[in-house]
Every structure is written in structure tokens, then in C-alpha cells.
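Rule-based calculations on the coordinates, nothing more; no lab input. Everything numeric here is computed off the predicted structure, so don't read it as measured data. Cβ coordinates were reconstructed from backbone atoms using ideal geometry, including for glycine residues, and neighbour counts include every protein chain displayed.
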Amino acid sequence: MRQSIHRAIPIAGALALLCGQMFASSHSDAPLIKQDPQANLTDVYAFIGAGNTLNIVVDVRPFSEPGDGAIYDRFASDALYTINIANPATGALVLSYNFQFSPVSSAAGDYKNLNTILSYGRGTTIGAIQNIGDGAQNYTQTYTVTKRDSAGIGGDVVGTGILVPPPNTGNRITPFYNNANAVAVSGATTAAALDKYTSEAIYTAPSGEKVFAGSRDDPFYADAPGIFDLLNPRILGPDGHGQTGNGVDGFKGYNVLTFAVQIPLALVPGPFPYNDAFTGLSHGVGVYATVSRPQTTLRDLSGDPITSGPWIQVNRLGNPLFNEALVALKDKDHYNRTLPTQDAALFAQYANTPELATLIDAVFGTPFATTNRADLVAVFIPDVLRVDTTTGPVPLIGEGGNRLSGIGGDTTNGKFSGWPNGRRLGDDVVDIALTAIASGPSYSSIFVLGDNINANDQTYNFVFPYAATPHAGTTNRKDPGDVDGEILQ
């Protein structure tokens, strides 16, 4: 946990600390959603990209094992995956993009051949998948995207029958994801440099949006196992007292399921004014994601489950780990079923009196403030990612962006390139937010904390859909010191 001496940071850097998102993401945020991995949101990213676009990347299904054949992970067909755009000041919904996927059961029509054990590598042909949806991709999931306004009116179809690319099984079936050693290749700087499967899976709508859905590397990095072992000493970093950290990335080697949209700013509502307590008047939108399930599911011995009734929200996510690290057990499931407009009344107490600060004080004897944390309330309530849409494109991590955002002097047109201006893939929520916990609410001096994990195990792409190529099942490794089979950033 890199316990460091107090040191002065320019006021802009100090203010940046206030805008972090609580040191981690939301892979295991509440008891009920833990039992429903295909509906379990892990991360939301939102930032202004090239061509004046709002890019929103959402991950679901934590700890997806790359080698989990013969079926591999798929999006649930009885779930509604939603990207929500909201008023950043109130959390009120102004626009939503709904992703709905085709059936996954063996009775569904998305299989070319039901007389085989293989979902990939044998359909009407046997061998490598040359193009997504071809004869070697036996199971090909598809999806429809619709968008609705704040009143739920519209239902405009953005695209339908859009193909989901295959998982990265390895070079014998999905060679275009990988190099000759079956190691996933990522880091594309142009659309033409994307791997063939990813490129073919990007759909551009007549209305101008681009969408993508498929397996990706989990872009989050942190020693979450060490943190949740009551701040295990292995995460201590060099602090001038001879201690050396040995943090382990608990998300290394895993994939997630990603759904993403790139929206031309001309199609984005607003910008709406909101008061950023640390950088002043801003103009933009709030972003959060939800997953919903049908109200009723009837299981029958003679066939597939039958669903009915309205959609019921079972998970939501804006700022990573608000629910996971701040909200008490008694309210975690409740949070997942409510809306950002209710946060001030129901959940502000958890930001105002953060238990995490209490735990750090108890373990390390620190004097961090545990009450009256108006600074954290200003960040988390309502729980949406606030994106200033007037800044122009922000630099990406790996292309000039600093993982510490404003702490590292990374700004765009006077606003932070990362937090509080949305969130980029690679922004180090751990180091920024732990430092905020330690340094607020006065920020008269800065106490630097981190988890000794500073980068993802895979290089991100620098064009839509931005998330890195999924790990290959045959060469994936998760050992802390292993680099064989991993592309390090």
C-alpha cells in the first residue's frame, strides 16, 4: 500500500485527488449479483476521443477464463444490457442504448451444427475461423441495439443482427487474434491495424454511432486480493523505511465481456452544466450502466426457461467500487436496484463516513478522516461518471496520457484528462483514490498511497473499441512473475 511521507503537490494536483473512484473496480459488489456473473458489471469507461466522439466502454462477466471451452462465455440472451447517459448534476436519465443478445441454448438457431461438441472450429466446415460468422464458427451470437430518450420513448434501432466475434481459443481456431506463438496481439493505433475479428465486429450505424460487443482482456489492474485481505502487507510499497511492495494484479490473464458505443458529439444530449467542486463550472454528461432481467423466469423440464414480465434492474455501475467499497452489506443489493437520482437520499452517508478510511486507520494507525467527507460526497453522489464534453479529445494511456491524470499533470483544455473528466482505460484508480482517502477532506498535505500495481498486463488498443485483444485460452498465464504469454504495457 505504498505508505509514503507527506509531500507537497501543486493545488491542481491536490484537487485531482478528490475526483478518483475509490481505488478499484466493481467485480464483486453485492451478494445477489455475485450469483449472476453474466449480469455482473465490472467497469465503466467514458471519455472524449478523436473525431469529437463520446466513447463508452462497459465490461461485464468478471473473471472470464480464456480457456473455458467447450462453450466459453457469452452474453445472456435474457438480459438487457444498457448504457445510460444522464444529467451529470442530478443523475436523471436523458438517453439510453440497449443491447439485447440472441439465445445461447442448444435449441437456438445460432448454431450451424448441433451434431458436434465444438462451438468453434467446426460448423459446416472444420478448421480456423477466417471471418466472423463463417462455416467454422459454429455458434455465432448476434445482437440488436436500440436507443431511447429519458421518457423511454423512441426505440430507434441503431442496428440489428450485429455479429459477436468468437472468443480467442488459440491459433488453431482463432489465429487472427494472435502472433505465431498464440499470444494475443494488441495496441492498434489505427482501425486498419485492429485484428481481423475485432475489425469485422465493429458496426457503424446509419445514424453515425459505432458499436461493438465481444470478449476482451479485462482492462482493470489492482492487487484487489491483497487489499481485501484486510490490507495485506504485501501491497506496501517503498516508503523510505526499507519496505518493498510485492503487489499482485488479481485481474491478470482474465477476460471480460465488453459492450461499447462511440457516439458523435452531435448526437449526445446537452452539454448540461454542473458544478465540479474542484475545477469549477463544467459542461457535459453523466454516464452509468445497468443490467436488467425479466421479472419472471419459469423453468421447465421439457425445454428452455420461459421469461415474462417487465425488465427488473439487477445491477448498475457508475464510479468503480462505490458499491463494493463504500456501501454497507445491508444496502448493496438495494443500490443495484435503484437509480442515480435516489443516491443523495439513500447512499450519500456511505461517502460521507467511508468505512475504508476506518479500516486503514485500524490496520496502520493512521489519522485519516472518517467523517464529514463532503469531498467524497461531491465525487460519488449521484453515482455517475461525469464527462466534460467540451474539452476535445483526451490523450489515451500509452499515447501521452498519464495514469495518474491530474496528479501527473495530465490536463486537456484546463480539465483533467482522466478523473473527474470521465475515465480512460488505464487510469490508475487505485493510486489516485487511495491517496484521496488519505489526504482529504482538507488536502493541506498529500499522503501518497497505492497498491504497487501500475499497469495492465495487456496493451490497450488506441482506436474503438479501445479495450485490448482477449487473452488466448491455450497460452494464458496468471502467475505473478510470468511474462510468457502476456504482452506487458
Study note, to complete from the structure: Expected sort for 98-111, 48-61 on mean C-beta neighbours within 10 Å, highest first, is 48-61, 98-111
Review point. Which order do peptides 406-418, 186-198, 378-390, 355-367 fall in by mean Cβ count within 10 Å, highest first?
Key: 378-390, 406-418, 186-198, 355-367
Review point. Where a ≥ b ≥ c are the square roots of the eigenvalues of the C-alpha gyration tensor, would you call region 248-405 rounded, which needs a/c under 1.5, or, failing that, prolate if a/b is larger than b/c, or oblate?
Key: oblate
Practice item. Classify region 133-228 as rounded, prolate or oblate from the Cα gyration tensor: take a ≥ b ≥ c as the square roots of its eigenvalues, call it rounded if a/c is under 1.5, otherwise prolate when a/b beats b/c and oblate if not. Key: oblate
Point to revise | Peptides 252-261, 157-166, 199-208 ordered by average Cβ neighbours within 10 Å, highest first | key: 252-261, 157-166, 199-208
Revision key, fill the gap. So, relative contact order of region 358-489 in percent, Cα under 8 Å, 6 or more apart, is 19 percent
Review point. (i) 1.35; (ii) 0.94; (iii) 1.22: which one is Cα Rg over 2.2 N^0.38 Å as calculated from this entry?
Key: (ii)
Revision key, fill the gap. Once phi for every residue in region 303-311 is put through the Karplus expression 6.51 cos²θ - 1.76 cosθ + 1.60 (θ = phi - 60°), the whole-Hz ³J(HN,Hα) values, with Gly and Pro written as x, are x, 5, x, 10, 10, 7, x, x, 5
Practice item. Evaluate the relative contact order of the chain (contact order divided by residue number), counting alpha-carbon pairs under 8 angstrom at least 6 apart; express in whole percent. Key: 26 percent
Practice item. Can you tell me the 0 to 90 degree angle between the C-alpha axis of helix 429-439 and the longest principal axis of the chain, rounded to 10? Key: 20 degrees
Point to revise | Average Cα contact separation per residue, region 348-432, under 8 Å, 6 or more apart, as relative contact order % | key: 23 percent
Check your understanding: Near residue 219, within a Cβ-to-Cβ distance under 9 Å, what is the net charge of the other residues, with Lys and Arg +1 and Asp and Glu -1?
Key -> -3
Review point. Going through region 317-348, which chymotrypsin sites (Phe, Trp or Tyr not before Pro) have at most 14 other Cβ atoms within 10 Å and a DSSP loop state?
Key: none
Revision key, fill the gap. Quotient of Cα radius of gyration and Kirkwood radius for region 23-159, i.e. Rg/Rh, equals 1.02
Check your understanding: By its C-alpha gyration tensor, with a ≥ b ≥ c as the square roots of the eigenvalues, how is region 356-407 shaped: rounded for a/c under 1.5, else prolate for a/b larger than b/c, else oblate?
Key -> oblate
Study note, to complete from the structure: As a percent rounded to 5, the proportion of antiparallel DSSP bridges among beta bridges in the chain is 100 percent
Exercise for review: For helix 355-364, report the angle its Cα long axis makes with the longest principal axis of the Cα atoms of the chain; keep it between 0 and 90° and round to the nearest 10°.
Suggested key: 70 degrees
Exercise for review: Taking H placed 1.01 Å from N in the peptide plane, check which residues at least 5 places from residue 94 or on another chain put their amide H under 5 Å from its amide H.
Suggested key: 85, 86, 87
